[in-house]
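For reference, the structure is listed below as structure tokens.
The values are calculated or read from the model by the stated rules, or taken from the named source; none is laboratory data. Note that this is a predicted model, so its numbers are computed, not measured. Cβ atoms come from the backbone with ideal geometry, glycine included; neighbour counts cover every protein chain shown.
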Amino acid sequence: MEAAILLQQVANGLVIGSIYAMVALGLTLIFGILHIGNFAHGQLYMLGAFATYWLVSLWGWNIWSSMFVAMGLTALLGMVLERIAFRPVRSAPHINGLIVALGLFIALENIAFILWGGDERTLPSPYATKMITLLSISLTIQRLLVFAVSILLIFLLYLFIQKTKMGKAIRAVAQDPEVARLMGIPIHRVSSTVFAVSSALAAAAGAMVGPIFCVFPSMGLIPILKAFVVIVLGGMGSIPGAIFGGFILGVAESLGAGYISSEYKDAFAFAALILVLMVRPTGLFGKE
Amino acid sequence: MSKAKQTCFYFCWAFFFGLICSPADLLAQTSAGKGIKFGVSATLTGPASYLGWHDKNGTTLAAEEINERGGINLKGEKHKLELEFFDNETKPAKAVEGMRMFAEKGIHACAGPQLTPLAYAVIKFNEELKVIFGCYSTTPEVFEQGNKLILSATMNQKWSIGLAAYTAAKVLNLKKAALLVDTTGYGRAVEKHFTMNFKKFGGEVIAVEWYELKSTDFYPQLTRLKAKNPETLMFGGMSAEAVILIRQSREILGKKVLLIGSDYFKMEQLKKAGLEVSENTMIPLSGFHIIDSPARQSFYKKFQDRFRAEAETYGACAHDEVLWISRAMEIAGTNIDAFKIREAADQAMRELEAKGLLIGGAHGGFLPNGQAKKYYIGTNILRDGKLERLKMITDLKEIGLE
């Protein structure tokens, strides 16, 4: 029984960790090129979930097509936000970008409240109530899909960053934007692409968890806070750091709540952060 | 122009512009005529916004009913009732801010804040601010602090949780219970009352797990509870978490474990979670859903027609608070002396009860602090997609709780 409970807690942690990793990846990509903590990223997660919800509920689309369209729509929105909100302050002190991000966070959440109200909505999914049992671990197929889709998207992102021309350009801009510009790399296009990709990732995360955690305007707050912890834990601007940091955080939370105290579940995230920073101040994969 | 004259000139212009750009309510107050303002502190946003939506609509219908009859009669003159809404965002600090704002605007009677953690915050200040408020918190401790300006017209947990514990232990013969409750005053009161009563009826609470109000991931807590192998799981949380809790509980604990919902869990939540998943869930139903009076039917129909949704207890209780406190104002002859309104509240309640105008769930008999003494309350279980009645009482003595 003890082993079964431990396996269940680890499985719980890996599932939630995959969500943290997906949200944190988008955040770290933006941080890598803009050096701004984009708080509004949590609202793109929420808007992706709502877009999926409306496509499924109003038009009867299946969850997969709805998710892909929601990713596309949120990617477009991300590009628009980059153009009108973040690009004007790119040359300004970092605090300006932070304030813009905070303002967008508040504005987008409140627009959602006005449009759709505060009620939680269940995103219909044929996988949300179907159960499987693997090695005494109980999981709905939806939770298994969350993990699988996250791994797939992370892998696709890896391929994009490592194997494509745009990916190379993104890495170059993250390393040194001035030199990248001198090399003829279109900074604005790279920035737009990064926002599109990160927004799409956030939307996918929101769409996948909608059937499990419900969809409501303030659903982006906790994931974005955890995502910030993940990127600091993993190393600011580091993609492997965001991935490993997300899973470490998810499992630490789950095991902490499972074996120490559930009342302080959220505190374990910050305890893990402090421990890592004490040993490695730049984060697990951060550069010295 | 000398510098002093220049300064004075600019100051006058600034004052003039400030005056014409003043908030609309300043202008509204000066031009409102003889309307009486009544505050409504509602959770329009935040995790309990579902309740706030019902509060807003229930109070709106109550104000319209009063105004259709000509308004409130104060010292021989009729006054229209105007509601002043404040969104407390489900935050205690905002609830206090709302109370202060009402007092500053000369509003000394209001409906809400309704939730336990918000009421706890506000009862430290409302007597000093001289604001009387109605509250449908079901936590008895909220009304036992000695505060003279808080009124309750609904059931409390001694009833709902006591009956849930009785039903689980005596009717369904379950002996091992686990609890999953939020860390607010409401959740802690649920834990206290369920543990006490379940033990009284021969059962044992074998584990208690906690969660923060905005949480949506309960898997670690549920997995921990699974290790204890409970026969039943009691939830003490708000409606916002109900759907999520039901689904996640079924995933981890399976269908054999009876789920018991607190007074925020209604059929609406079971439907949202899915009736198949919600099978074997026990929920309380009280007054509003049991007593079928003409006033209730009228309220139900008006709510359905106007807001295209099913009326719930919350809106009905908020509706009653407006009727109750307004009638108390009429008897007391004042809308700003909160203590005089309180003195008149008992008589107002009896009159409204006698006329059958109250619909929120309190019927007959009141304690000196204004809290209703007699309720109709039942426990129901979802079986094969339908709610079956397990037990109903109108008196705590029936189940040995008084």
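Listed values, structure above:
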{"quantity": "Members of the stretch B:182-220 found to be more than 20 Å from the chain's Cα centre (by Cα) and within 22 Å of B:ALA48 (Cα to Cα), listed by number", "calculated": "B:GLU209, B:TRP210, B:TYR211, B:SER215, B:THR216, B:ASP217, B:PHE218, B:TYR219"}
{"quantity": "Enumeration of residues in the stretch B:99-141 that are of a type in the set (Phe, Trp, Tyr) and over 24 Å from B:TYR264 (Cα atoms)", "calculated": "B:PHE102, B:PHE125"}
{"quantity": "The stretch A:144-162: number of residues that are buried (at least 17 other Cβ atoms within 10 Å of the Cβ), away from chain B (no Cβ under 14 Å) and of a type in the set (Phe, Trp, Tyr)", "calculated": "0"}
{"quantity": "Sole exception among (1) in contact with a Gly (Cβ under 7 Å, 6 or more places away or on another chain); (2) outside any helix (DSSP H, G or I); (3) of a type outside the set (A, V, I, L, M) for B:ASN335, by number", "calculated": "(1)"}
{"quantity": "Residue that is nearest to B:GLY237 (Cα to Cα) [pool: residues in the stretch B:180-189 that are part of a helix (DSSP H, G or I) and within 14 Å of chain A (Cβ to nearest Cβ)]", "calculated": "B:GLY187"}
{"quantity": "Identity of the residue in the stretch B:263-272, of a type outside the set (Lys, Arg) and surrounded by fewer than 20 Cβ atoms within 10 Å (Cβ to Cβ), that ends up farthest from the other protein chains (Cβ to nearest Cβ)", "calculated": "B:MET267"}
{"quantity": "Top-ranked residue in the stretch A:237-275 [being within 26 Å of A:ILE170 (Cβ to Cβ) and of a type in the set (A, V, I, L, M, F, W, C); ranked as farthest from the other protein chains (Cβ to nearest Cβ)]", "calculated": "A:ILE239"}
{"quantity": "Filter result for A:GLY286 (in contact with a Gly (Cβ under 6 Å, 6 or more places away or on another chain), more than 28 Å from B:THR223 (Cα to Cα) and more than 14 Å from every other protein chain (Cβ to nearest Cβ))", "calculated": "yes"}
{"quantity": "Tally, over the stretch B:95-115, of residues that are assigned to a helix (DSSP H, G or I), in contact (Cβ under 8 Å) with a residue 24 or more places away in the chain and surrounded by fewer than 23 Cβ atoms within 10 Å (Cβ to Cβ)", "calculated": "3"}
{"quantity": "Single match in B:LEU275, B:LEU285 (criterion: surrounded by fewer than 21 Cβ atoms within 10 Å (Cβ to Cβ) and either at pLDDT below 90 or not in a helix (DSSP H, G or I) (or both))", "calculated": "B:LEU275"}
{"quantity": "Failed criterion for A:GLN8 (all others in (1) out of contact with any Phe, Trp or Tyr (no Cβ under 7 Å at 6 or more places or on another chain); (2) surrounded by fewer than 24 Cβ atoms within 10 Å (Cβ to Cβ) hold)", "calculated": "(2)"}
{"quantity": "Positions within the stretch A:107-143 being more than 9 Å from chain B (Cβ to nearest Cβ), without any contact (Cβ under 8 Å) to a residue 24 or more places away in the chain and surrounded by 13 or more Cβ atoms within 10 Å (Cβ to Cβ), in sequence order", "calculated": "A:ALA107, A:ILE111, A:ILE141"}
{"quantity": "Residue match in the stretch B:222-243 (condition: at the interface with chain A (Cβ under 7 Å from one of its Cβ atoms), closer than 20 Å to A:ARG121 by Cα and buried (at least 23 other Cβ atoms within 10 Å of the Cβ))", "calculated": "yes"}
{"quantity": "Conditions (1) surrounded by 21 or more Cβ atoms within 10 Å (Cβ to Cβ); (2) modelled with pLDDT under 90; (3) of a type outside the set (Asp, Glu); (4) in contact with a strand residue (DSSP E or B) (Cβ under 9 Å, 6 or more places away or on another chain): number failed by B:ILE359", "calculated": "(4)"}
{"quantity": "Output for the stretch B:208-247, where each listed residue is at pLDDT 95 or above and small (Gly, Ala, Ser)", "calculated": "none"}
{"quantity": "Given (1) in a helix (DSSP H, G or I); (2) farther than 20 Å from B:MET155 by Cα, index of the condition B:ARG296 fails", "calculated": "(2)"}
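To keep it simple, each residue is scored yes or no on (1) closer than 28 Å to B:GLU310 by Cα; (2) in contact with a Ser or Thr (Cβ under 7 Å, 6 or more places away or on another chain).
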residue	(1), (2)
B:GLY58	yes, no
B:GLY71	yes, no
B:GLU77	no, no
B:GLU82	yes, no
B:ALA111	yes, yes
